[in-house]
Structures are given as structure tokens and as C-alpha cells.
1. Which whole-Hz couplings ³J(HN,Hα) result when phi for each residue of segment 147-156 is put into the Karplus expression 6.51 cos²θ - 1.76 cosθ + 1.60, θ = phi - 60°, listed in order with x for Gly and Pro?
2. Over 24 Å between Cα atoms, which of 153/237; 237/257; 153/257; 237/273 qualify?
3. How much of the DSSP beta bridge set in segment 55-151 is antiparallel, as a percent to the nearest 5?
4. Which value, in nm² and rounded to one decimal, describes the direction-averaged projected area of the C-alpha convex hull of segment 36-96?
5. Just how large is the dipole of the chain about the Cα centre, in debye to the nearest 20, putting +1 at every Lys and Arg Cβ and -1 at every Asp and Glu Cβ?
6. Quick one: Debye curve from the alpha-carbon atoms of segment 145-204 only, equal weights, vacuum; give me log10 I(q)/I(0) at q = 0.13 Å⁻¹ to two decimals.
7. Return the Cα extents of segment 17-133 along principal axes one, two and three, sorted largest first, each rounded to a whole Å.
8. Multiply the residue gap between residue 21 and residue 252 by 0.36 nm, knock off their C-alpha separation, and tell me the result in nm, one decimal place.
Amino acid sequence: MQTEIQTITDDSVALAKAVLESGGVVAIPTETVYGLGANAFDDKAVQMVFAVKGRPNDNPLIAHVHADYDLRAIVAYEPEYAKKLRRAFCPGPLTLVYPSNGAVSRHVSCGLSTVAVRMPSHAGAQKLLRAVDFPVVAPSANVSRHVSPTSAKHVYDDFAGKIPLILDGGECEGGIESTVCDVTGDVPVVLRAGLITREQIAEICGSCLLRDELQKGEKAKSPGMLYKHYSPRCQTKLFLDGEEEKAKAYAKESAQKRVWFLCENDVADGLEKDGYSVLRLGATDKEMAKTLYQKLREAEGIADLLIAIEPKEKTGVMVGVLNRLRKACNSQDVIH
Ligand code: TXA
Ligand code: MG
């Protein structure tokens, strides 16, 4: 199969619509990361997304809808506080997990009684979602466990020959996936941290819980929590902030390898002065979110060993950035 990359125009959107309507899979841009889209009402199309990605069949998908989509078509009930969240943050990088009314394919939620819904703010995504006017499931458009894609090229690198079309909407502004927030209970619960922070949600709803990482000694609720995620195809090693000396010693032990560091700009300045090769994450939380996956993919081409150092800031948007960085380096032992 030939994989075309097309910028977003009336023609390419019409082509994407035709592919989705005929049960096919199309990669689409969003403001967070690129997604692998399929019609959420179509059993076979949804199953194809799992197959193309190599995704474990116990990890549910998000249904993406346009800003004026009537959620009652797929959602059984929306609590008042969820309406407030939607008004405050949608369209945008927030996914809300509702009780499902059973309308989407049963494969979307892997047997759960809920459905995750997101309204992406990316203009190209909105244009396509309006054109089709049905919910589109879209997991991140990476081969399962690989680094999530923030450009059309990243998608091409993972799926050339496997999907017919990639809609190119430029580089993703957000850079990490949406915040996933369960709104089926009395209070919102963040299941995956992202660009909309727990604090922002609590400000609207009065409170907000966070359940996105395993606590020390806790057993995984879903097997997905144990998988390696977001991982570059090179060896990785993660150090805590303040452990630069330890990290440098580790680099010296690995001198026969092509070693690169990944860290925030402050720390990069010092390492570069000492002659080390460094991939810079940036200086602010938003910048680090935007660059993280880009740099992890860049590392694959140039490094045998990527030594990452955790950024100092651990709150707000950085909760999501750190969660991805730790999983990418598969270092559950550093959760603290
Ligand atoms: O930003 C994003 O959300 C991107 C872009 C493409 O929109 N999509 C994305 O999809 O990250 P994916 O499939 O890579 O991640 C979906 C996350 C998973 O952690 C999954 O477990 C969770 O959402 N999820 C989906 N449906 C759920 C449900 N019914 N209950 C709980 N978690 C759910
Ligand atoms: Mg993903």
C-alpha cells in the first residue's frame, strides 16, 4: 500500500472522509499528538486500528468529535460538573470518560461500560470531524509502545505502507497526549496527566483526584500500566534531578557507546560545557511538553544510550511530562 502525506485542504479532507466512511484508517493531526483515526461506529474499522498499531486489546480508545457534536448520541449521562469542564476546556487537550450509551463499537472501550470523548482544538481535526459527523477513534499514531508522533513524518516512519493517508497539519503544539479525566463518579479523577492540569480541573469542580501512576507497592489495575510506553529505540537510563554527577559517571562507564543526554536547558548548559552531547528539552513546562517526543525520536537516530535527567519542576503540566519521560525510560522504580 502506498502511504500519501497530504496537507489539509478541502480535497484531502474529502479523501480522508471517503477512507473513513469505507471502513479505513487515516492518520490525523491534533493539537496534542497525531492520531490513527477510524469510524467509532464501525466494528471492523476499530479492530483494524488495534491491528495496525499492535495495540493490546485491553487498552480502550478515545472517540474524537467536533465541537458541536451532540454527545447524547454516544454518552448515557453527563454530570453537571463535567458540563462545566467541557465549557471551560473543550475543544482542547482534555478527554472526558463518561458512562456509555452503548452506541459506539464495543471494541472502542474494550468491554468497559464507559466511553472516552475528546474534542480536539486543531483546526484540521475539527474540519475532518465536521465533514464526517461521526465520532472518530484515534489512539496516538505510533506503533504500540513506541514514542508518540508529533509530526506527519513521525507517523510515516511508523506506518509507511500500512495506512493509505496521513493528513499533515504541521507540528503538534501541545506535544503530549490529552489529560484523561473520569467523570463517571461524584468528583473528577485524572487517569492520565496532560496539558490541562489537575489544579485547573479542581478550580472548576472544587476538587480533583489523580490516579495516573502506580503508588509504591500497588498492583496494576490494568495490564497496560505495566507496559513499556513512549519508548525510543535505544537504550535509556533515567536519573533524578540533582544527580548530574552520577549521570556523568554513568556516561563515562559507557564511553564505547554513542551517549546523549536529555535534560532541561539549565542542566544542558553545564553538560555541554563539559563536552557532553545533549538534546535540550527546553526551559518552560510547555516547551518541555512540546519537545519531549520530538527529542526521544531524534535520539533514536543518533544515540546508543540516552541518559535522561528529570527536570526540577514536578507540578502542573510537568506531572504529565514526567509521567511520559519515566515510562519512556521504563523506570517505574523512580516513581516517588
Ligand atoms: O491526545 C490524545 O488523547 C491523543 C490524540 C490523538 O487525541 N490520543 C491518545 O490516544 O493519546 P491513546 O489511545 O494513545 O490513549 C488513550 C488513553 C489510554 O490511556 C486509555 O487507557 C485511556 O485513554 N482510555 C480510553 N478510553 C477509556 C475509558 N473508557 N476508561 C478509562 N480510560 C480510557
Ligand atoms: Mg498512545
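No value in this document is a laboratory result; all are computed from the given coordinates. Computed from a predicted model, the values in this text were never measured in an experiment. FYI the Cβ positions are ideal-geometry reconstructions off the backbone, even for glycines, and counts take in every protein chain you see.
1. Listing the rounded values in order: 4, 5, x, 10, 8, 4, 5, 4, 5, 4 Hz.
2. Numbers: 153/237 26 Å; 237/257 13 Å; 153/257 27 Å; 237/273 21 Å.
In this structure, 153/237; 153/257 exceed 24 Å between Cα atoms.
3. Here the share of antiparallel DSSP bridges comes out near 75 percent.
4. 5.0 nm²
5. On the way: 41 positive and 44 negative charges, 149 e Å.
Computed charge dipole of the chain: roughly 720 debye.
6. Here log10 of I(q) over I(0) equals -0.52.
7. 36, 31, 21 Å, listed from the longest principal axis down.
8. Numbers: separation 231, 0.36 × 231 = 83.16 nm, distance 5.50 nm.
77.7 nm is the gain from fully extending residue 21 to residue 252.
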